[in-house]
Structures are given as C-alpha cells and as structure tokens.
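To start, the structure itself, in structure tokens.
The values are calculated or read from the model by the stated rules, or taken from the named source; none is laboratory data. A quick note: this is a predicted structure, and the numbers were derived from the prediction, not measured. Note: ideal-geometry Cβ built from the backbone for every residue, glycine included; neighbour counts use all protein chains shown.
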Amino acid sequence: MIDNGLLVQMLLGALLGLSVYLPLAAGQLSLATPAFYAVGGTLAALLSTRWSALGATASGGFPVPSLLLELVLGGLLAGLLALLVGRLVLRLQGIYLAIATIALVEIVRVAILNLPFTGGAVGIFAIPQPFATAAGYLLPALALLALAGWVCQRLEGMPLGRAMAAIRDDELAARCMGIDTTGAKLTAFVLSAVLAGSTGALAAHFLNTWNARQGSFDASITTLAFVILGGSRTWLGPVVGGLLLTALPELLRPVGDVRLVLFGLVILLGPVLAPQGLITPGLLERLGRWGEGGKP
Amino acid sequence: MIEALLQTLLNGAASGGVYALVALGYTLVFSVLGVINFAQGALFSVGGYLTFLLMGGKIGVNGALPGWGLPEGLPFWLALLLAAAGSGLIGLLVERLAFAPLRRRNAEPLLALITSLGAGVVLVNLLQLLMGAEGYAFPQSTDALAGLPDVLVLGGARIRTIQLLLLLISAAAVLVLSLWLDRSKGGRALRAVAEDATTAQLLGIHSEAMVRLAFFLSGGLAGLGGGLIGVSVSLPGPYFGIGYGLKGLAVLVLGGLGSVPGAIAGGLLMGLAEALVPSSASGWRDALAFAILFGVLLLRPSGLLGRRTVEKV
C-alpha cells in the first residue's frame with residue numbers, strides 16, 4: 001500500500017511540517033511555508049532545465065552534486081526572501097501575521113503563474129531526474145529531515161531556542177527581560193524559509209513537473225494541519241503529523257471520492273479530540289520512562 | 001469611452017459589493033468570537049449551488065443523482081433568499097461542529113482556523129460528490145430572472161442589468177444588516193457580546209444565542225454572495241467560493257478586523273481597484289487584492305477603519 005513514491009512524499013510532508021513549526025515555536029503563526037516551497041521548487045526547475053552547466057543530459061539524467069547545489073540555492077533564495085519580507089511582516093501579530101503570510105503565498109502563486117519564464121498554468125515540465133526510481137529520493141529526503149530534526153533538537157538547548165520559547169509564552173515579558181525578540185523571530189522565520197526552499201527544490205525533481213499550484217492557500221492550511229494535529233510543542237509532532245497526513249489521502253484511495261470528505265473530517269475533528277496534537281512533551285516523557293524499563 | 005468606463009466602474013462596484021458581503025460575514029463572527037471562520041469560502045459555494053438548484057437547475061452527469069432537480073424552479077428572488085437562509089443554516093452547523101467544542105474547552109483560538117477549514121474541505125467535497133466537478137451556467141438572460149431587460153441604457157451608456165442588480169442587492173443586504181446592528185435590540189445585544197461576552201451575559205443577554213445568530217447571518221451573507229456571483233457569471237466548480245473567501249479575507253483586513261463600515265468600504269475599494277486593472281495585465285488581477293492588503297498591513301496594521309489596540313502589561 002505504501003510504495004517508495006508515497007514514502008518520499010511523506011518525508012517531504014514532514015519537512016514542510018517542520019518549516020511551519022519553526023516560527024510557531026517562537027509563537028508566530030506564519031502560513032508562508034508554501035510560498036518559500038514554491039520559490040525553491042521554481043528555482044530548481046528553472047536551473048535544471050535551462051542551465052546546461054548543471055549537467056542535465058538529453059536522456060533526462062542529472063548529476064547528484066548538481067541536485068545538492070540546487071537544494072542549497074533554493075534554500076538560500078527562499079531565506080533571502082524571508083529576510084526581506086520578515087522584517088516587514090513580523091511586526092504584525094497573531095491573526096494579522098497569518099493573513100499577511102497568506103497574502104504572500106497568493107502573491108507568489110500569481111507571480112509564478114504570470115511571469116514570462118515560469119511556464120504559465122502548465123508550469124515547467126520534464127525536470128531532469130538524478131535518480132532512476134523514486135527509491136533514490138528516499139536518501140536525500142531522509143538526510144534533509146535528519147538535518148532539520150537535528151537543528152530543531154539543538155535549538156532547544158541554545159540561547160536562540162530558549163528565546164523563541166520565551167517569546168511563545170509571553171512576547172512582552174520576553175522583551176522586558178532583554179531578549180532580542182525581533183532577531184529571534186526573524187531567525188526562526190528565515191530558518192523556516194530555508195527549509196521550505198530546499199524541500200521545494202527536492203520536490204521539483206521528484207515530481208518532475210512544477211507549476212503555480214504547488215504553493216497555494218490549500219497547502220498553507222494542510223501544512224498547518226500537520227503541525228496542529230501532530231502537536232506543536234516538540235519538533236517530533238510536525239514530523240509525525242506530516243508523515244501521517246500526507247499518507248492519509250493515499251491510504252483512503254480505496255474508498256474513492258469520499259476520501260477528501262474524510263480527510264476534511266480528520267482536520268475538523270482532530271483538534272477537537274486532541275487539542276495538544278498527537279505528540280506532546282508528556283507523551284514523550286512517558287515513552288522515555290517506558291524505554292528505561294517501565295520504572296515510574 | 002464613457003460607456004466603457006461606466007461599465008468598468010459598475011462591474012467593479014458590483015464585485016466590490018459581493019466582496020463586502022463576504023467580508024461582513026467574517027466580521028460578524030470575528031467580532032463576537034475573535035476568530036476567523038475559514039469555512040466562509042465553502043459557504044459561498046454552497047449558496048451558489050443552492051440558488052442554482054432552487055431555480056430549477058438539474059444535477060449534471062458527474063453528480064451523485066444525474067438529472068435530478070426540482071420539478072418546478074422558484075423565482076429568482078425567492079431562490080436567492082432561500083439559498084441564503086440554507087447557507088446560514090449550514091453556517092450554524094459549522095459553528096456546532098468546528099467552533100462550539102473548542103469554545104467549551106477554552107482551547108487555543110488558533111485551533112478554530114484548522115477546524116473551520118476542515119469543515120470547509122468537507123463541505124466543498126460533499127458538493128463535489130453531489131454535483132460533480134463540472135461547471136454550471138445559469139440562464140444568462142436577466143429577462144428570465146426578474147422580467148428585466150438584459151441591457152439598460154443609462155445616461156447614454158449601455159450596461160448589463162445583472163451587474164446593477166448585483167450591486168443593488170448587496171447594497172440592500174449591507175444596509176439592512178448595518179441598520180439592524182445599529183438600531184434593533186437584537187443588533188445591540190450582538191454588539192454587546194462582541195464588546196465583552198461576560199459582561200453581556202451578566203446583563204442578561206444570552207451570549208451563546210448571539211454567537212449562533214452571528215454564524216447564521218454570516219453564512220447567509222456568504223450564501224447570498226455565492227448566489228449572486230453564480231447568477232451573474234457561472235458556477236465554475238465547487239471550489240469557486242474559496243477564491244472569494246480569500247478575497248473577502250483581504251477586504252476584511254483592508255477595512256479593519258471587526259469594523260462593519262470598514263468591510264463595506266474595503267469591499268468597494270477592492271472591487272473598483274480590480275476592475276481598473278487593464279485587461280492586458282488581467283492575469284495579475286488576483287494578486288492585486290493581496291498586494292493592497294500587504295501594503296495596508298504594513299502601513300496601518302489595524303486596517304483603514306479599524307481601532308488601534310494597545311497591549312497592557
């Protein structure tokens with residue numbers, strides 16, 4: 001039921017979940033992840049189809065080092081955009097920030113749809129493949145996820161991560177304590193964008209075609225749902241949420257047309273049944289104790 | 001030249017009126033609960049399809065019941081009104097399923113974004129199951145709608161009657177709602193709950209009933225908008241309301257969250273600005289609303305007519 005292609009999609013979902021989680025860990029509800037994902041993917045699609053120095057062959061092959069370069073460039077471009085936009089939008093709070101980031105997603109979507117070199121509604125197709133099968137993408141996706149998870153884990157012990165947690169609990173109090181709240185929020189926003197940009201670059205190759213539909217309002221909410229259903233208190237939550245929710249529509253395929261209704265029901269009922277999400281710090285603690293031999 | 005300009009302005013004002021309807025729907029819910037109801041776009045679609053069915057439209061071949069429809073279509077006015085009421089009832093259902101359980105638990109308001117969007121996904125996909133993904137066209141002639149001529153000549157300029165109708169109906173709806181909010185006892189009670197639910201409750205206002213009323217009216221406004229757009233353009237598919245829902249969100253912020261005059265002014269402004277985009281750049285039209293929104297948020301985060309709030313320690 002779960003083939004390699006779906007596994008790769010699930011890993012990409014987990015990466016996007018982490019991208020939404022990072023600003024949220026600093027208390028900022030940003031829905032901009034699909035915009036950065038779209039930017040990274042579009043850059044990779046353009047570079048690999050237009051720039052022959054990257055080594056795309058006529059048979060559609062593509063060198064792996066070039067793919068890695070694209071991941072870096074996609075992340076950098078998205079990060080740069082986040083740096084510019086973040087300075088402006090992070091002055092906004094709560095629902096205003098959420099709506100401003102939705103606006104960013106829509107602006108990027110319409111731009112990709114209308115710019116002369118991004119292929120319009122059809123998009124960019126025949127993006128060269130570095131791997132012959134979907135299984136090849138498992139390794140880079142896993143590596144990217146491991147790296148992102150490691151960064152999130154490290155953050156918890158670092159001054160930046162602690163500042164983010166303090167802002168999440170009470171931004172005003174954090175500022176009064178002398179924490180550079182603007183800097184911490186901006187860093188979280190940029191990290192989120194870099195992750196989404198790199199994920200987009202990988203996804204563009206994996207999906208083989210890339211168009212404006214990749215980064216839409218729907219994607220904003222789906223990726224937010226990864227975090228809310230998975231749990232937003234630890235970085236494992238969005239990873240689990242991303243893996244499960246990406247797999248769900250595919251696993252529901254046998255029920256036919258009703259599957260999207262069921263998917264909607266999961267999003268509708270999930271927060272009601274588990275307001276903290278599936279993975280909570282309390283759950284991890286209990287698991288940890290259980291792992292040590294069930295000692296109380 | 002004048003004729004073209006007049007038609008453009010009228011088109012802009014007509015779609016602006018619909019944006020104002022959607023934004024007012026958001027405003028009602030936002031002012032009583034402080035949350036955005038993301039199912040608003042789906043309720044817009046529901047209103048469009050309900051109007052179509054009530055006017056005697058038949059379900060297409062890809063629907064669940066191909067060829068099914070009312071034996072006799074209702075007149076346009078009645079269908080529109082009933083469709084708005086139907087969308088209002090579904091809005092109530094959305095409140096029961098997506099908002100009430102969270103409110104009872106005092107959960108984070110952020111969660112309501114997700115649950116309401118989940119409700120929207122369910123609604124849109126149920127519509128798709130029932131009606132199929134194909135587009136539906138209403139009888140385009142205004143003659144069939146209300147016995148009016150298709151084209152009116154106004155000051156030497158010919159304009160489409162349906163656009164004028166659109167503008168008049170949304171203006172009437174907005175006016176009635178504003179007057180009701182301002183003057184009537186029920187409207188005052190709703191505003192009292194919006195100001196402070198606990199105090200309102202102490203004063204003997206049934207807050208929960210007011211919340212339900214807000215959802216009913218909000219769903220009704222969305223449904224009315226959907227019906228109007230359906231009649232004047234077409235129903236391109238169950239997802240068509242989502243785009244209007246998003247535009248309404250932009251209008252909402254443009255006017256200031258929770259401000260009724262702001263939602264009306266924002267809607268008109270947005271509609272006119274879009275209508276003035278030259279057709280050579282029409283692909284960018286959808287981004288205009290959000291570009292304006294972006295600018296307003298940065299210059300004036302509380303919106304054009306919103307109130308500035310100061311955080312207290």
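Tabulated data
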read-out	value
Segments classed as helices (runs of 4 or more DSSP H), wholly inside segment B:165-259, with at least 2 members that are closer than 30 Å to residue B:125 by Cβ and modelled with pLDDT of 90 or more	B:207-232, B:240-255
Residue match in segment B:231-241 (condition: out of contact with any Lys or Arg (no Cβ under 8 Å at 6 or more places or on another chain), away from chain A (no Cβ under 14 Å), free of Cβ contacts under 8 Å to residues at least 24 places away in the same chain and not polar (S, T, N, Q))	yes
Only listed residue being assigned to a helix (DSSP H, G or I), at the interface with another protein chain (Cβ under 8 Å from one of its Cβ atoms) and at pLDDT 90 or above, chosen from A:82, A:111	A:111
Qualifying residue in segment B:69-92 (condition: in contact with a helix residue (DSSP H, G or I) (Cβ under 7 Å, 6 or more places away or on another chain), within 30 Å of residue A:231 (Cα to Cα) and within 14 Å of chain A (Cβ to nearest Cβ))	yes
Among the residues listed as B:120, B:135, the single one being modelled with pLDDT of 90 or more and more than 7 Å from every other protein chain (Cβ to nearest Cβ)	B:120
Residue, farthest from the other protein chains (Cβ to nearest Cβ), within segment B:273-290, restricted to residues that are aliphatic (A, V, I, L, M) and within 20 Å of residue B:26 (Cβ to Cβ)	B:273
Segment A:34-49 - residue that is under 16 Å from residue A:222 (Cβ atoms) and among the hydrophobic types (A, V, I, L, M, F, W, C) and, of those, surrounded by the fewest Cβ atoms within 10 Å (Cβ to Cβ)	A:38
Any hit, segment A:235-254, residues being within 19 Å of residue B:123 (Cβ to Cβ) and at the interface with another protein chain (Cβ under 8 Å from one of its Cβ atoms)	no
Unique match (being under 30 Å from residue A:254 (Cβ atoms) and surrounded by 24 or more Cβ atoms within 10 Å (Cβ to Cβ)) among A:6, A:22, A:31, A:15	A:15
Those residues of segment A:169-204 which are within 14 Å of chain B (Cβ to nearest Cβ) and crowded, with 17+ Cβ neighbours inside 10 Å, in sequence order	A:171, A:174, A:181
Unmet requirement for residue A:219, which otherwise passes all of (1) within 9 Å of chain B (Cβ to nearest Cβ); (2) surrounded by fewer than 21 Cβ atoms within 10 Å (Cβ to Cβ); (3) within 11 Å of residue A:16 (Cα to Cα)	(1)
Any hit, segment B:110-127, residues being more than 18 Å from residue B:222 (Cα to Cα), surrounded by fewer than 24 Cβ atoms within 10 Å (Cβ to Cβ) and not hydrophobic (A, V, I, L, M, F, W, C)	no
Only listed residue being closer than 21 Å to residue A:164 by Cβ and part of a helix (DSSP H, G or I), chosen from A:21, A:37	A:21
Options A:265, A:224, A:260, A:229: the member that is within 18 Å of the chain's Cα centre (by Cα), within 11 Å of chain B (Cβ to nearest Cβ), crowded, with 17+ Cβ neighbours inside 10 Å and over 29 Å from residue A:43 (Cβ atoms)	A:229
Some residue of segment B:120-133 being assigned to a helix (DSSP H, G or I) and either touching a strand residue (DSSP E or B) at 6+ places or on another chain (Cβ under 7 Å) or among the basic types (Lys, Arg) (or both)	no
Residue match in segment A:225-242 (condition: touching a Pro at 6+ places or on another chain (Cβ under 9 Å) and farther than 19 Å from residue A:24 by Cα)	no
Answer residue from segment B:218-256, given it is of a type outside the set (Val, Ile, Thr), crowded, with 24+ Cβ neighbours inside 10 Å and more than 12 Å from the chain's Cα centre (by Cα) and is nearest to residue B:129 (Cα to Cα) among those	B:238
Residues of segment A:47-71 satisfying the condition of being part of a helix (DSSP H, G or I) and closer than 24 Å to residue A:139 by Cβ	A:47, A:48, A:49, A:54, A:64, A:65, A:66, A:67, A:68, A:69, A:70, A:71
Test: residue in segment B:94-105 that is over 30 Å from residue A:231 (Cβ atoms), out of contact with any Pro (no Cβ under 8 Å at 6 or more places or on another chain) and surrounded by 22 or more Cβ atoms within 10 Å (Cβ to Cβ)	no
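A quick yes/no check of all residues on (1) crowded, with 18+ Cβ neighbours inside 10 Å; (2) in contact with a Ser or Thr (Cβ under 7 Å, 6 or more places away or on another chain); (3) part of a loop (DSSP other than H, G, I, E, B):
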residue: A:73; (1), (2), (3): no, no, no
residue: A:86; (1), (2), (3): yes, no, no
residue: A:92; (1), (2), (3): yes, no, yes
residue: A:102; (1), (2), (3): yes, yes, no
residue: A:121; (1), (2), (3): no, no, yes
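Per-residue answers, yes or no, for (1) more than 30 Å from residue A:91 (Cα to Cα); (2) within 24 Å of the chain's Cα centre (by Cα):
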{"position": "A:26", "(1), (2)": "no, yes"}
{"position": "A:33", "(1), (2)": "no, yes"}
{"position": "A:40", "(1), (2)": "no, yes"}
{"position": "A:46", "(1), (2)": "yes, yes"}
{"position": "A:51", "(1), (2)": "yes, no"}
{"position": "A:55", "(1), (2)": "yes, no"}
{"position": "A:71", "(1), (2)": "no, yes"}
